[in-house]
Amino acid sequence: MTDVDAPPSGGPAAIDAVPLRHPWRWVAALVIVILLGLFLYGAATNPAYSWSTYREYLFNERILLGVVHTLELTVLSMVLAIVLGVLLSVMRLSGNPVFRAVSWVYLWIFRGTPIYVQLAFWGLIPVIYRKIQLGVPFFGPTFFHLDLQSLTIPFLLATLGLALNEAAYMAEIIRAGISSVPEGQMEASTALGMSWGMAMRRTVLPQAMRVIIPPTGNEVISMLKTTSLVTAVPYSFDLYSIATREIAARIFDPVPMLLVASTWYLLVTSILMVGQFYLERYFSRGASRKLTSKQLEALAKAQLGGIP
Amino acid sequence: MTPMVRAEQVCKSFGALKVLKGVTLEIGRGQVLVLVGPSGSGKSTFLRCINHLEQVNAGRLYVDGDLIGYRERGVKLHEMSPRDAAKQRRDIGMVFQHFNLFPHRTALANIIEAPMQVKGVKRDKAVARGRDLLDQVGLSDKAEAYPAQLSGGQQQRVAIARALAMDPKLMLFDEPTSALDPELVGEVLEVMKKLATEGMTMVVVTHEMGFAREVGNQLVFMDGGVIVESGDPREVLSNPKQERTKAFLSKVM
């Protein structure tokens, strides 16, 4: 007796077709390799690049210090910007009209003026306000005191300047992410007895992350390079300032120093891109109906077991 | 004994649009009320008023003797704080047409979310209860699956389990089978039928007349924001009195 549902033993042979040829791919590749070769040859033989200077300064102590400062500026200002951005976007979407207005005005000012101008302004804060004190006015005690004439202030001001500007952009990215989550999600959470804040935190924001992460990765990479503008504060110990203002100006050779700075920016960016890849993968869980390799294996096993 | 739901002249309008124009009904404990009517008749809006997803404009709506959405102080009504409204919703389960499962959480994580976050149930307790509920809806092997990996019928059964995890005293179903392939409708109705026989009070908006006839204790036909006809489902379905009911039933049956 034969079972009609069972696949015929062996089945048809797998298709063995001649693959389609793509000659133009090879031509394009050849042209590009030739052009690249010419450029590399030119760069290697042109004395203006002064590769010996490049090699000498690539791992220079001051340069490495600049890298560290640039990373510090990037991470600190980005963390601050994200926290403030979440706050601003939630305020913008909340039912409270005062919060909505404050958030809108903030966005209007910080997104509407150039970052360079803002940084210059932050640099002038010590001139406008000589010190900051928190306490009871007149005869009361002082709880907090900050002397704006101190030497560590430029770093603080640079971080704040970058963060407050970036927060405006982050707020818009996060707001777009929150708006991308279907309304039914908030509704289902509400129907389960969650408060607005809890539903935001547990249901909406985690789903918004999938939309928020890619542009935020862009912003981090962009921030890494925007740190070179802190020279407006003026803060002069970041990678770009040290490479150009300090070293290139001293040795009268800007080209290799720009290459040194570029190499480090590129390296850090590459590391950030890897981090972004893993973050995106984590927050996209559940977004696709594609099965993991583990689940596929289990299904295939079940299918094999089902056939007598 | 107070009825589970008591609606007195419930009205709801969105701006100038009047969707509910005075709905009065009662649902006893352990009863299943089936709401039917053409789209735009206000049946879903009424359902959403019961757990305060929509705020009632006029009339009174009580669940288990508690006024929904407002505090009564003397003759004045005070709008309820979001916190108190959330507390009221805890005891009212809701199942949506489009499931609205949390796509970033597995089936089990969907179910234990509210008990843990809202009620503060310990994790192992919530998980044990969650697995038990998954078993009840016939999905004990899908605990670790994400919603996108489940069929519509399976998703809706997880959604029912999720609502049941809060131990509600009342369950609201908003067209639970309307978004499903025909062959998947049965498995969801089966779960609902079981729930009804276990004594759950249910309000079901549906177009499944077979379900209404078999499980419903009371059938309410709404049109244009008012109740046109109500009564025993078998009686109303086989012997409608009103012209509008007859016209509607002739189209769906």
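No value in this document is a laboratory result; all are computed from the given coordinates. Since this is a predicted model, take the numbers as computed values, not measurements. Note: ideal-geometry Cβ built from the backbone for every residue, glycine included; neighbour counts use all protein chains shown.
Can you give the angle from 0 to 90° between the axis of helix A:293-306 and the longest principal axis of chain A, with both taken from C-alpha atoms, to the nearest 10?
Helix A:293-306 and the main axis of chain A meet at about 10 degrees.
Explain nothing, just the number: dipole magnitude of chain B about its Cα centre with +1 on each Lys and Arg Cβ and -1 on each Asp and Glu Cβ, in debye rounded to the nearest 20.
780
What span do the alpha-carbon atoms of segment B:4-95 cover on each of the three principal axes, reported in whole Å from largest to smallest?
Here the spans come out as 37, 36, 22 Å, largest first.
Exactly which chymotrypsin sites (Phe, Trp or Tyr not before Pro) in segment A:54-160 are in a DSSP loop and have at most 14 other Cβ atoms within 10 Å?
On the way: sites: A:Tyr54, A:Tyr57, A:Phe59, A:Phe99, A:Trp104, A:Tyr106, A:Trp108, A:Phe110, A:Tyr116, A:Phe121, A:Trp122, A:Tyr129, A:Phe138, A:Phe139, A:Phe143, A:Phe144, A:Phe155; in loops: A:Phe59, A:Tyr129, A:Phe138, A:Phe139.
Those that pass, being in a loop and sparsely packed, are A:Phe59, A:Tyr129, A:Phe138, A:Phe139.
In percent, what relative contact order does chain A have, based on Cα pairs under 8 Å that are 6 or more apart in sequence?
About 24 percent, as a whole number.
So which trypsin sites (Lys or Arg not before Pro) in segment B:50-129 pass both tests, a DSSP loop state and at most 16 other Cβ atoms within 10 Å of the Cβ?
B:Lys119, B:Lys122
Roughly how crowded by other chains is peptide B:94-103, in terms of the mean Cβ count from those chains within 10 Å of each of its Cβ atoms?
Taking the mean over all residues of the peptide, I get 5.
Which longest run of chain A has no exposed loop site in it, a site being trypsin sites (Lys or Arg not before Pro) in a DSSP loop with at most 16 other beta carbons within 10 Å, and the site itself not part of the run?
Counting only loop sites that pass the neighbour cut-off, the longest clear stretch is A:131-284.
Net charge around A:Ser94, counting only other residues with Cβ within less than 13 Å of its Cβ (Lys, Arg = +1; Asp, Glu = -1)?
That works out to +3.
Report the local net charge at B:Glu243: Lys and Arg +1, Asp and Glu -1, summed over other residues whose C-beta lies under 14 Å from its C-beta.
Charge balance in the 14 Å sphere: +2.
Exactly which GluC sites (Glu not before Pro) in segment B:154-236 are in a DSSP loop and have at most 10 other Cβ atoms within 10 Å?
Listed in order of number, the matching sites are B:Glu198.
Please list the non-local residues whose amide H lies under 5 Å from the amide H of B:Val228, H modeled 1.01 Å from N, same-chain partners needing a gap of 5 or more.
Excluding prolines and chain starts, which carry no amide H, the hits are B:Phe221, B:Met222, B:Asp223.
Would you mind getting me the FRET efficiency between A:Ala249 and A:Tyr41? Use the beta-carbon distance for r and R0 = 41 Å, nearest 0.05.
About 0.85, to the nearest 0.05.
Hey, what's the Kirkwood Rh for segment A:50-150 if you take every pair of different alpha carbons, in angstrom?
18.0
Taking the simple approach of a point 7 Å from Cα along Cα-to-Cβ for both A:Ser262 and A:Ala14, what is their distance in nm?
So the two model labels end up 4.6 nm from each other.
Counting only Cα atoms, I'd like the Rg/Rh figure for segment A:30-71, Kirkwood definition for Rh.
1.22
Residue by residue through segment A:83-96, which ³J(HN,Hα) values in whole Hz follow from phi under the Karplus form 6.51 cos²θ - 1.76 cosθ + 1.60 (θ = phi - 60°), with glycine and proline marked x?
Here the 3J(HN,Hα) series is 4, 5, x, 4, 4, 5, 6, 5, 4, 5, 9, 6, x, 7 Hz.
Give the Cα extents of chain A along the principal axes, in whole Å, largest first.
So the three principal-axis extents are 102, 70, 30 Å.
List the residues, sorted by chain then number, that are 5 or more residues from B:Thr201 or on another chain and whose placed amide H is less than 5 Å from its amide H.
Counting only residues 5 or more places away or on other chains, the set is B:Gly30, B:Met171.
Using only atoms on other chains, find how many Cβ atoms lie within 10 Å of each Cβ of peptide B:76-84 and report the average.
Per-residue shielding by partner chains comes out at 1.
How many percent of all Cα-Cα pairs in segment A:124-234 sit more than 21 Å apart? Walk me through the intermediate numbers first.
Details: 3603 of 6105 pairs.
Value for segment A:124-234 (Cα pairs over 21 Å): 59 percent.
Short version: what are the Cα gyration tensor semi-axes of the protein assembly as shown, square root of 5 times each eigenvalue, largest first, in whole Å?
Taking √(5λ) for each Cα gyration eigenvalue gives 60, 38, 20 Å.
What is the order of B:Tyr146, A:Tyr49, fewest Cβ neighbours within 10 Å to most? Walk me through the intermediate numbers first.
Numbers: B:Tyr146 24, A:Tyr49 16.
Ascending number of Cβ neighbours within 10 Å: A:Tyr49, B:Tyr146.
Using a 10 Å cut-off around each Cβ of peptide B:148-158, what is the average number of partner chain Cβ atoms that fall inside?
If you average over the peptide's residues, the count of other-chain Cβ atoms is 1.
Using every pair of alpha-carbon atoms in segment B:154-253, split the distances into 5 Å bins beginning at 0 and state the percent of pairs per bin, rounded to integers.
2, 11, 22, 23, 18, 14, 7, 2, 0
In vacuo Debye scattering of chain B, one point per C-alpha: log10 I(q)/I(0) at q = 0.10, 0.11, 0.14, 0.15 Å⁻¹?
-0.50, -0.60, -0.97, -1.10
Between B:Asn57 and B:Asp124, what is the label-to-label distance in nm when each label sits 7 Å out along the Cα-to-Cβ direction?
Modelled inter-label distance: 5.4 nm.
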